[in-house]
Amino acid sequence: MSIYKQRRDEVENQLNKGALWAVTYGDLMSYLMIFFLVLFSFSVARTDKTKSRKYEESLGNIQKAFGGQADSRGLDRAKAQEKESQVETSLKRSMQVGELANLVQVQSSERKVKLVLTEGVLFASGRADLKEHAKKVLAPIAAELKKLPNDVIIEGHTDNVPIKKGKYASNWELSMARAYSVLQFMQEQGISAKHLAGIGYGENRPIGDNSTVEGRARNRRIEISLMKTD
């Protein structure tokens with residue numbers, strides 16, 4: 001019996017040694033599967049900007065778990081995007097209250113949050129100085145925008161009706177002057193000048209049909225864009 005048991009143990013040992021590669025192979029396959037699942041989840045997050053903050057945080061946690069150092073730039077970007085999301089939500093909420101709901105349109109994309117205000121809200125016809133009421137409309141917008149160190153771009157637009165008299169020789173000049181008036185007000189409200197830019201497009205970027213009264217009214221507008229973190 002002892003000889004039989006000894007030989008049986010020897011056979012089992014040989015079989016076990018021969019099977020060790022399978023254990024290593026199984027571990028390798030498991031790690032590869034986890035690796036590709038992580039890559040896939042990150043790919044999904046990358047294509048959906050709303051999930052980019054979670055992506056950056058997850059990547060930082062994985063780096064720490066494997067003994068590395070988290071990418072500080074990635075974490076800073078994630079924090080900045082979180083603050084942008086909060087301001088965007090606050091802007092949309094505040095622009096839906098009372099009178100502002102009919103005066104300001106809020107549009108959002110991956111690159112920016114854009115607020116659109118028609119000419120009549122801010123300026124008298126053919127003029128570029130802000131109405132007193134316009135300041136009450138712009139003040140809560142400035143209060144939200146100055147919470148972030150992001151760039152704010154102010155664009156002036158007009159319709160295609162030629163200017164025949166007045167201070168400005170063309171729609172282009174008028175649109176630039178209007179953009180500057182809003183920019184100046186934003187600076188007075190505490191937004192840093194280094195984050196402000198003004199552009200005048202004149203009649204060159206219409207959003208409405210200039211052959212109709214309604215279309216021309218839509219084209220006479222100011223757009224204020226909060227640029228998001230890349």
Filtering segment 151-163 for residues that are surrounded by 21 or more Cβ atoms within 10 Å (Cβ to Cβ) and either touching a His at 6+ places or on another chain (Cβ under 7 Å) or at pLDDT below 95 (or both) leaves a count of 1
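Residue-wise test of (1) of a type outside the set (A, V, I, L, M); (2) farther than 19 Å from G190 by Cα.
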position	(1), (2)
K83	yes, no
E88	yes, no
R93	yes, yes
G98	yes, yes
A101	no, yes
Q105	yes, yes
L115	no, no
K131	yes, yes
A134	no, no
Just checking, which of L145, L174, L130 is crowded, with 18+ Cβ neighbours inside 10 Å and within 29 Å of Q81 (Cβ to Cβ)?
L145
Does E223 fit the bill of being at pLDDT 95 or above, within 20 Å of the chain's Cα centre (by Cα), of a type in the set (D, E, K, R) and in the same structural domain as A134 (by TED's automatic domain parsing)?
yes
I'd like to verify a number: residues in segment 76-119 that are hydrophobic (A, V, I, L, M, F, W, C), more than 22 Å from P149 (Cβ to Cβ) and free of Cβ contacts under 8 Å to residues at least 60 places away in the same chain, how many?
5
E144 meets each of (1) touching a Leu at 6+ places or on another chain (Cβ under 8 Å); (2) under 15 Å from G126 (Cβ atoms); (3) of a type in the set (D, E, K, R) with one exception, condition (2)
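The values are calculated or read from the model by the stated rules, or taken from the named source; none is laboratory data. Being a predicted model, the structure only gives us computed values, none of them experimental. Glycine gets a Cβ as well: all are built from the backbone with ideal geometry, and neighbour counts include every protein chain shown.
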